[in-house]
Every structure is written in C-alpha cells, then in structure tokens.
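Encoded as structure tokens, the structure appears first; notes follow it.
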Amino acid sequence: MNQQYSAMRSNVSMLGKLLGDTIKEALGEDILDKVESIRKLSKSSRAGNEVQRQKLLMTLQNLSNDELLPVARAFNQFLNLTNVAEQYHSISPHGEAASNPVALKNLFSRLKDKNFTNGDIHKAVEQLSIELVLTAHPTEIARRTLIHKLVEVNTCLSQLDHDDIADYERNNIMRRLRQLVAQSWHTDEIRKIRPTPIDEAKWGFAVVENSLWEGVPAFLREFNEQLEESVGIMLPVEANPIRFTSWMGGDRDGNPNVTAEVTRHALLLSRWKAADLFLKDIQILVSELSMTEATPELRALAGGDEVDEPYRQIAKNLRGQLYSTLEYLEARVKGEQVLPPADLLTDNAQLWDPLYACYQSLTACGMTIIANGQLLDTLRRIRSFGLQLVRIDVRQESTRHTEALSELTQYLGLGDYAAWSEDEKQEFLLTELQSRRPLTPRNWQPSPETEEVFETCRVIAESKNDSVAAYVISMAKVPSDVLAVKLLLKEAGACIRLPVAPLFETLEDLNNAESVMKKLLSIEWYRELIDSRQMVMIGYSDSAKDAGVMAASWAQYRAQDALIKLCDKEGVTLTLFHGRGGTIGRGGAPAHSALLSQPPGSLKGGLRVTEQGEMIRFKFGLPQVAISSLALYASAILEANLLPPPEPKQEWKSVMDSLSEVSCDMYRDYVREQPDFVPYFRAATPELELAKLPLGSRPAKRRPTGGVETLRAIPWIFAWTQNRLMLPAWLGAGAALKHVIGKEGKQAVLDEMWQQWPFFNTRIAMLEMVYAKADLWLAEYYDHRLVEERLWPLGLKLREQLSEDIKSVLAVSKDEALMADLPWIAESIALRNVYTDPLNVLQAELLHRSRQQEQADPRVEQALMVTIAGVAAGMRNTG
Ligand code: PGA
C-alpha cells in the first residue's frame with residue numbers, strides 16, 4: 001500500500017493496540033495471546049502457507065465454548081475499528097477528502113474544455129435534482145449505540161489529525177479513545193429485540209439530526225463556491241436540489257408490522273422532530289440577528305418603526321410559533337386529543353416567507369456576509385427538509401390492492417374483481433374513478449387485511465400537504481395495478497394526483513414495463529390526471545434474484561431506455577426511481593459508475609434512488625461524509641446530463657441479448673431446476689440462522705411458508721455473502737461471456753464495449769469486485785464442515801465455475817489480476833481478509849456445533865451472531 005495510506009494504517013494499528021489493551025484488561029493475557037496467535041496464523045495462511053492454514057483451522061475448531069465469544073468479538077470489533085479508520089481516511093484533509101471539491105472543479109473544467117458555455121452549465125445546475133430515499137431495509141447489523149461510539153472514535157481521529165496539537169490535548173484525546181474502545185468492548189454488539197417500525201423511523205430521523213441537517217447546507221455552500229469560482233454563477237437561495245424521503249414507517253410491502261397507525265405516528269414524529277430542529281436554528285438566529293438597519297418592508301413585517309431589532313423580532317415570533325407547534329405535536333405523539341393552536345406551523349411558507357424577507361433586507365442593506373451565514377443555512381434546510389423533515393413513501397404489494405378491490409366488488413354483488421380480465425379491470429376502474437359517487441358503502445366491514453389497505457389511504461388523505469411523496473406498488477405488472485391504487489386513494493378521500501409509481505422488479509415485468517406504461521399513457525383521463533409527470537421504479541435486487549445479475553442489469557437498462565424514449569415521445573416528464581441495494585448483487589455500485597452506466601437521458605427528470613441500511617451510515621452517517629457523497633452525486637448527474645454516455649450500437653445490444661439469455665438460463669437452471677440446489681443453499685450458508693438476527697422489523701420472507709422464491713432479496717444475498725461464495729452476484733455472467741467469446745466469436749465486440757460503453761465496463765468492474773470478495777477455500781471449508789457429502793459435487797462444480805468465470809472476465813478486462821485498476825480497494829479487501837478469515841472459519845464451526853446440539857448453548861448462539869456481524873463488517877456490507 002503506498003505512502004498515501006500510511007496515516008490510515010497507523011490509525012488502524014493504534015486502534016488495534018487499544019483494543020488489545022482493553023481485552024487484556026477485561027479477560028487477561030491468555031485470551032489476548034490466543035487472539036494474537038490466530039491473527040498470525042491467519043496472516044500466514046493468507047500468504048499461502050498451507051501448514052499454517054491447517055493449524056489455523058485446528059486452533060479455531062478446538063476453541064472451547066468459553067473461548068468462542070471473546071475471539072469472535074475481538075475480530076469483529078477490530079474490523080469495525082478498521083472501518084472507522086477507513087471512513088476517516090475518506091474525509092481527512094490529509095487523505096481522500098483533499099481531492100473532494102476537486103471532483104466538481106474537474107468536472108467544470110472538463111465541461112469548459114468541451115465547449116460548454118456557462119449558460120449550458122447554469123441550466124444543468126438549475127435542473128439538478130437529487131432525491132434520496134432512506135429505506136428501513138434490514139441490512140444494518142451494527143447497533144445504534146455502537147455506531148454512536150464509532151462516530152465518537154472518528155471525532156477523536158480528526159482531533160488527532162493536527163500537527164500542532166499540544167501534548168496535554170493528545171493525552172486527553174487518547175484517554176477518550178481508550179474509553180470508547182472499552183465502552184464498545186463491554187457492550188453487547190447484537191440486538192436482543194427486533195426494532196419496531198417506529199424505532200426504524202426514529203433511526204432515520206437521527207441520521208438527519210446528526211448528519212444531514214449539518215451536511216446538506218454545508219454541501220450547498222461548497223457547491224455554490226465551486227460554481228462561483230469556476231462558472232461565475234451562484235446557486236439561488238431558493239434552489240432546492242436535494243430532498244429526502246423515507247420508507248421508515250411507510251413501506252408495508254411484506255411487513256405486517258407497518259400498519260396505518262404506524263404510518264400516522266411516523267408522520268407525526270417526523271413533524272415533531274422538524275419543529276425541534278428548526279427551533280434550535282431559530283434560537284441561534286434570535287441570538288445572532290441583532291442588526292438594526294433594515295428595509296422598510298422588513299420593518300413593517302417586524303411590527304413597525306418602534307421595533308429596534310427587526311430581524312430578531314421576526315425570529316422571536318417564529319420561535320413562539322415553533323414552541324406552540326412543538327407542544328401540540330408532542331401531545332399528539334403521546335396520543336392526547338388536543339386542538340391545534342392558532343399559530344400552528346403547517347406550511348413551509350410560514351417559515352420561509354419571514355426568513356427570506358430577512359435575507360433580502362440584510363443583502364439590500366449591505367450585510368450579505370451576515371445573510372449568507374446561519375440564516376442561509378436555515379433557508380436551505382426549509383427547502384430540503386421543511387416542516388415535514390422527510391417525506392414518506394407508502395409502498396404496498398400489488399396483490400394486496402387486488403384482494404381489497406375483489407372483496408369490495410364481491411360485497412357489492414358486482415363479481416370478483418380479481419377474476420376479471422385486464423381490460424375489464426381497467427374499464428371498471430376508469431368508470432369508478434370518473435364517477436361522482438363513492439363506491440364503498442359506509443357500513444361495510446371488510447376483512448382486517450382490506451381494512452388496513454383502506455385505512456392506509458385514509459392516513460394519506462389526512463396527511464399534511466406534500467408529506468407523502470409517492471405511493472409505490474411493488475410487484476407491479478399491469479396498468480390496472482396503478483389505476484387500482486388511484487381508485488383506493490379516491491375512495492379514501494385522498495388526492496388522486498399523488499404520484500403512484502409502479503415498481504417493475506422481475507425480469508418479465510421489466511421486459512413489459514414499456515408496454516404497460518404505453519397503455520397507461522394512452523388513457524386520456526390518466527394523462528390529464530398526471531399532468532404529464534410519471535414516476536416509475538426499477539427494482540434491482542428482485543430482478544437479480546429472479547434472473548441473475550447479468551440478465552437483470554440488461555433488462556433494467558432496456559426498460560429504462562424504452563421508458564425514456566416513450567416518455568420523450570409522449571411529452572411526459574419521467575422520474576426513474578432506482579431501487580438499488582448496497583451490494584453488487586442488489587444493484588449496488590459506486591455512485592459515479594452507477595449513474596454513468598444508466599442509459600442516456602435517464603437523469604433528466606432528476607435522480608431518485610434508495611439508500612439503505614449500512615450504506616446510509618457509510619455514505620451519510622457523518623456531515624463530512626455526507627458532503628462528499630452529495631458532491632459525488634451532483635457531479636455524476638451533471639456529467640451524465642451534459643456528457644451523456646453513448647447510445648449502444650446495435651451490435652452491442654445483440655451481444656447483451658446473448659449474454660443475458662445464456663446467463664439467465666444457467667442461473668435459473670441452478671436455482672430453480674436442480675433439486676439439490678435449495679438443500680445445498682440451506683446447508684452451506686447461514687440462511688436459516690440469519691432469520692434469528694433481529695435486524696429489522698420486517699420478516700425475512702414475503703410469506704411465512706414457501707421456499708427460496710418467497711425469501712426476500714436481502715437475506716438471499718446476505719447468506720451467500722457470509723459463506724463467501726457470493727453466488728447470486730456472479731452466477732451465469734462469466735459463463736455467458738465465455739460463451740459469446742468462444743461460441744459466437746465476439747471478443748472484438750466485447751473489447752469495444754468494454755472500452756466505450758460505461759454500462760458494460762461497470763458490469764465487468766463489479767464482477768471483478770465480487771470475485772475479489774469471494775473466496776474459494778472458505779466456501780469449500782463451509783461445504784466440508786456443514787454440507788452432507790452427497791451434495792459436495794454441487795459445491796465443487798460451483799467453485800470450479802467461479803474460477804473459470806474469473807478467467808473469462810479477466811480476458812475481457814485484460815487485467816492480470818482482479819481489480820488491477822482499483823488497487824486501493826483490492827488492497828483493502830486483502831488487508832481485511834486476515835481478520836475476516838478467522839471469523840468465517842469460526843462461523844462454519846459454530847454453525848456446525850449449533851446444528852448438532854439438541855439444546856441451544858447460548859455461548860455458541862451468541863458467538864455465531866457475532867461472527868455474522870463480523871463478516872458483514874469485513875465485507876463492508878450485509879446483504
Ligand atoms: P425489497 O428490496 O425486497 O424491499 O424490494 C430489496 C433490496 O433492496 O435489496
């Protein structure tokens with residue numbers, strides 16, 4: 001690893017040393033020695049020493065039940081500390097952060113080189129829109145209390161990162177670090193109880209409070225500076241390029257714990273938190289804005305000439321309103337029935353108008369420097385967060401709507417909606433949507449499931465303006481799925497103009513997306529209703545689970561491309577909503593590559609994308625990290641809009657069609673057809689044990705009965721990540737490449753695609769990343785320890801396939817070794833392997849012991865959970 005990383009390496013070893021001291025103090029020298037000898041064995045094993053590898057396996061197999069937990073915890077905690085050091089490196093002024101603002105600056109100068117005028121850039125900036133949707137997806141394994149401690153460790157690292165720090169200060173910081181490491185060691189790292197959806201919603205609010213509240217205005221300030229310096233334009237005060245939406249408390253797809261009541265409560269809590277945060281902002285303005293000079297308009301607004309300090313007066317008035325708003329919302333959160341106060345703040349304009357008037361007056365009176373301080377930050381927060389803090393999306397599965405309508409039509413004696421043809425459904429829905437009378441009888445008592453669907457729509461009807469951002473329909477297949485939701489909204493008295501987004505998430509549904517939308521847009525009534533704006537969600541993980549990564553990513557690309565062209569033709573503004581997970585198997589990729597690999601034109605309607613679990617922590621968990629992630633997003637979107645990736649040639653598309661077909665056949669043959677596959681999956685991975693981890697409020701399966709097909713994409717990927725076979729993220733892809741090279745003679749076309757087409761190049765880069773994280777000897781070890789011998793040949797075949805695939809992919813990228821062009825990531829994975837390997841071996845051992853024992857030994861169970869957390873920390877993601 002080169003010189004640039006030496007500061008990071010010394011942080012890693014310093015934290016490792018502190019952890020070692022803590023362990024020694026807590027458990028004695030013997031345990032520490034054991035951990036240290038395991039680490040050394042692991043290191044030589046990684047270096048290829050077979051004898052030492054065998055010794056490592058023996059040592060771990062022979063650990064007594066009492067030793068298991070401390071050893072697992074030591075490696076897990078070390079990996080968590082390594083992650084902090086890496087994260088700090090990414091924001092340290094002496095590390096990666098030094099190059100952060102340069103990303104935007106470089107982009108602007110590249111644009112100028114390509115003869116873009118300031119006007120072109122200005123227009124693109126005006127259209128910039130980033131909407132990040134924080135989901136409650138159960139992929140964050142670390143407990144909040146530990147995350148909090150890790151954030152504090154990060155703060156200490158940044159305090160230490162100064163050359164002129166005095167000795168006594170350094171001693172203080174080191175003492176604090178020792179405390180934090182000890183606190184973590186003495187804290188249980190595994191949650192005991194499942195969080196409720198409200199806990200999850202609160203977790204989302206905490207991300208806003210602890211990071212984004214600070215990070216968003218700070219990023220906009222930096223963005224503005226870059227714009228002024230490079231392009232000579234300013235970001236208008238009222239610009240609103242970044243917004244946040246949450247699925248926490250709103251996403252009920254397959255999660256019976258998210259009820260209408262929960263959504264109602266989450267909406268209230270969100271308003272309460274916003275009032276609380278704005279109150280803190282306004283307090284600062286009350287103390288800062290003591291200026292006396294003001295425009296006559298502002299004076300009038302503040303109550304006339306006799307008011308000495310008009311800005312302060314205005315801030316005080318708002319403070320009063322925020323107090324009573326907060327008091328009212330607090331009572332409502334507690335369930336009390338109280339009347340809203342006369343000065344309740346419900347509309348962002350109530351905050352914006354007076355504060356913007358202050359801003360204008362300050363600038364008019366020569367105090368721009370003051371206007372552009374705290375006041376501007378608050379104005380930006382009103383635009384980005386507003387009185388709602390985050391908006392909520394509601395998501396529900398299409399069949400739930402069909403069932404609800406079916407129950408209703410049967411009650412009314414109209415027949416069974418579910419049994420009607422698609423044309424009949426559409427006709428019925430359109431008639432009812434245009435009818436003036438309601439369809440639902442007042443005295444009707446539907447089943448609890450149907451009642452829940454209706455009640456959710458009633459919550460939307462009651463919600464304050466704009467606080468529900470969209471209604472997403474998972475597993476959407478046909479136009480009537482969208483119309484059905486519109487009718488349910490109408491029946492509940494909600495605004496039927498609420499964006500209703502079909503989520504296409506199987507291979508077949510992605511392939512049909514264009515024709516479904518074409519049909520919908522051809523309905524005149526619908527066209528008028530949506531006012532030429534349509535949101536469509538693309539499901540990355542479920543399609544990959546359905547068809548394998550290669551076929552799914554091509555289907556996602558084609559669906560997006562077709563929808564963009566369709567909407568262009570129809571004059572409809574399309575917002576593509578990307579349901580990407582954090583891991584590659586669920587569509588994850590670094591922001592820049594992910595955005596540039598989308599079809600040209602895909603970001604014209606702005607970016608709307610999900611952010612999930614541990615990725616929220618890695619990308620937005622600290623203000624500095626949030627600034628850098630937002631800068632990455634902003635520059636990638638501007639780049640994609642101004643310098644769009646090329647339209648693929650027909651020949652490239654045909655190659656992709658072949659790749660897709662061959663890979664999908666192979667993937668499905670294993671996953672669906674081979675009878676041994678599911679038993680193998682269950683035995684070789686901790687799939688069943690994972691369900692015991694109380695990660696989130698949502699069950700691991702859509703339906704409690706049923707096999708792998710009902711398993712959600714997250715645990716599916718999670719399980720294969722743990723045993724390091726990473727199967728869903730590669731199966732089929734390499735074999736398909738080999739096929740088009742060997743059988744179809746397309747090496748030259750692939751070379752061209754790799755060089756010229758970001759979509760394809762990213763696919764190859766992501767495969768390399770997956771291969772680098774996969775591990776053959778570990779996967780083999782899991783097989784031998786856990787799988788019945790009869791199934792070993794299947795595992796062997798898969799591993800052979802993986803080795804073969806690596807060669808095929810390297811033949812395309814012309815690299816000698818995996819990730820040759822991303823040496824830092826390759827290095828980071830290699831560094832972690834020394835710590836992750838013992839956790840993997842231990843996990844296989846613990847799964848073995850746990851599956852053998854009749855009565856669960858809590859030490860074994862606990863240590864097993866810790867190894868799961870540790871491997872996730874080592875891989876930097878879960879599922
Ligand atoms: P979903 O998302 O199962 O909630 O659709 C899966 C994922 O994000 O991987």
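Compute the distance from the alpha-carbon center of region 728-768 to that of region 588-661, in whole Å.
So the two Cα centres are separated by 19 Å.
Averaging sequence separations of C-alpha pairs under 8 Å and six or more residues apart, then dividing by the length of region 258-338, give the relative contact order as a whole percent.
36 percent
Given a Förster distance of 45 Å, report the FRET efficiency between residue 824 and residue 790 from their Cβ-Cβ distance, rounded to the nearest 0.05. Intermediate values should be presented prior to the final figure.
Numbers: r = 43 Å, r/R0 = 0.95.
Working from the Cβ atoms, E equals 0.55.
Using 0.36 nm per residue of separation minus the Cα-Cα distance, give me the extension gain between residue 451 and residue 33 in nm, one decimal.
Full-extension gain reported as 144.4 nm.
So which of 486/519; 518/604; 112/565; 273/604; 701/773; 192/773 end up more than 21 Å apart by C-alpha? Don't jump to the answer; show the numbers that get you there.
On the way: 486/519 16 Å; 518/604 19 Å; 112/565 29 Å; 273/604 33 Å; 701/773 26 Å; 192/773 29 Å.
Where the Cα-Cα span goes over 21 Å, the pairs concerned are 112/565; 273/604; 701/773; 192/773.
I want to make sure I understand the PRE zone here: with the label point 7 angstrom from the Cα of residue 416 toward its beta carbon, which residues in region 672-708 have backbone N atoms less than 18 Å away?
Of the residues in region 672-708, none has backbone N under 18 Å from the label point off residue 416.
Applying 1/(1 + (r/R0)^6) with R0 = 35 Å to the Cβ-Cβ distance of residue 523 and residue 654, what FRET efficiency is obtained, to the nearest 0.05? Write down the numbers at each step before the final one.
On the way: r = 34 Å, r/R0 = 0.98.
For residue 523 and residue 654, the calculated efficiency is 0.55.
Give me the percent of Cα-Cα pairs in region 619-699 that sit more than 20 Å apart, rounded to a whole number.
70 percent
Quick one: if you take sqrt(5λ) for each eigenvalue of the C-alpha gyration tensor of region 394-606, what semi-axes come out, biggest first, whole angstrom?
31, 18, 16
Please state, rounded to one decimal and in Å, the Kirkwood hydrodynamic radius that region 198-257 gives when every pair of distinct Cα atoms enters the mean of 1/r.
13.9 Å
Sort the following peptides by mean Cβ neighbour count (other Cβ atoms within 10 Å, averaged over residues), highest first: 594-607, 399-412, 748-761, 716-729.
In descending order of packing, they fall as 716-729, 594-607, 399-412, 748-761.
Can you list which of the GluC sites (Glu not before Pro) found in region 227-268 are DSSP loop residues with at most 13 other C-beta atoms within 10 Å?
Passing both the DSSP loop test and the Cβ count: 238.
What is the distance in Å between the Cα centroid of region 353-423 and that of region 117-185?
28 Å
What's the carbon and sulfur percent of the chain's accessible surface, probe 1.4 angstrom, rounded to a whole number?
It is 50 percent, rounded to a whole number.
In region 392-448, what is the volume of the convex hull around the alpha carbon atoms, normalised per residue and reported in Å³?
Hull volume over Cα atoms, normalised by residue count, gives 126 Å³.
Rounded to whole Å, give me the distance from the Cα center of region 1-80 to that of region 807-846.
So the two Cα centres are separated by 19 Å.
Show that you can apply the helix-only estimate: for the chain, add -39,500 (n - 2.57) for every DSSP H stretch of four or more residues, divide by all residues, and state [θ] at 222 nm to the nearest 500.
Here the helix-only value at 222 nm equals -20500 deg cm²/dmol.
Where a ≥ b ≥ c are the square roots of the eigenvalues of the C-alpha gyration tensor, would you call region 761-877 rounded, which needs a/c under 1.5, or, failing that, prolate if a/b is larger than b/c, or oblate? If you can, show how the numbers build up before the last one.
On the way: a/c = 3.47, a/b = 1.65, b/c = 2.11.
Oblate.
Classify region 650-821 from the C-alpha gyration tensor, please: rounded if a/c falls under 1.5, else prolate or oblate depending on whether a/b exceeds b/c.
Prolate, because a/c is 1.5 or more and a/b exceeds b/c.
Once you put a point 7 Å from the Cα of residue 206 and another 7 Å from the Cα of residue 744, both along the Cβ direction, what distance in nm separates them?
5.0 nm
Taking just the alpha carbons, could you work out the radius of gyration and Dmax for the chain, both in angstroms?
Final numbers for Rg and Dmax: 28.2, 91 Å.
Between residue 368 and residue 261, with labels modelled 7 Å along Cα→Cβ, what's the label distance in nm to one decimal, could you check?
Taking the two extended label points, one gets 5.6 nm.
With a Förster radius of 41 Å, plug the Cβ-Cβ distance of residue 515 and residue 347 into 1/(1 + (r/R0)^6) and report the FRET value to the nearest 0.05.
For residue 515 and residue 347, the calculated efficiency is 0.50.
By how many nm would the segment from residue 708 to residue 14 lengthen if fully extended, with 0.36 nm per residue of separation less the alpha-carbon distance?
245.4 nm
Can you report the principal axis dimensions of region 272-409 using only the alpha carbons, biggest first, rounded to whole angstrom?
For region 272-409, the Cα spread along each principal axis is 66, 30, 23 Å.
Rounded, prolate or oblate: pick one for region 162-262, where a ≥ b ≥ c are the square roots of the eigenvalues of its C-alpha gyration tensor, a/c under 1.5 means rounded, and failing that, prolate if a/b is larger than b/c, else oblate.
Verdict is oblate for region 162-262.
Quick one: accessible area per residue over region 358-449, 1.4 Å probe, rounded to a whole number of Å²?
46 Å²
Each label point is 7 Å from the Cα along the Cα-to-Cβ direction; what then is the distance between the points at residue 356 and residue 462, in nm?
Here the answer is 3.1 nm between the modelled labels.
The values are calculated or read from the model by the stated rules, or taken from the named source; none is laboratory data. None of these values were measured; they are calculated from a predicted model. Don't worry about glycine lacking a Cβ; one is built from the backbone with ideal geometry, like all the others, and counts go over all protein chains shown. Side chains included, ligands, DNA and RNA excluded: accessible areas come from the protein's heavy atoms. Shrake-Rupley method; radii C 1.70, N 1.55, O 1.52, S 1.80 Å.
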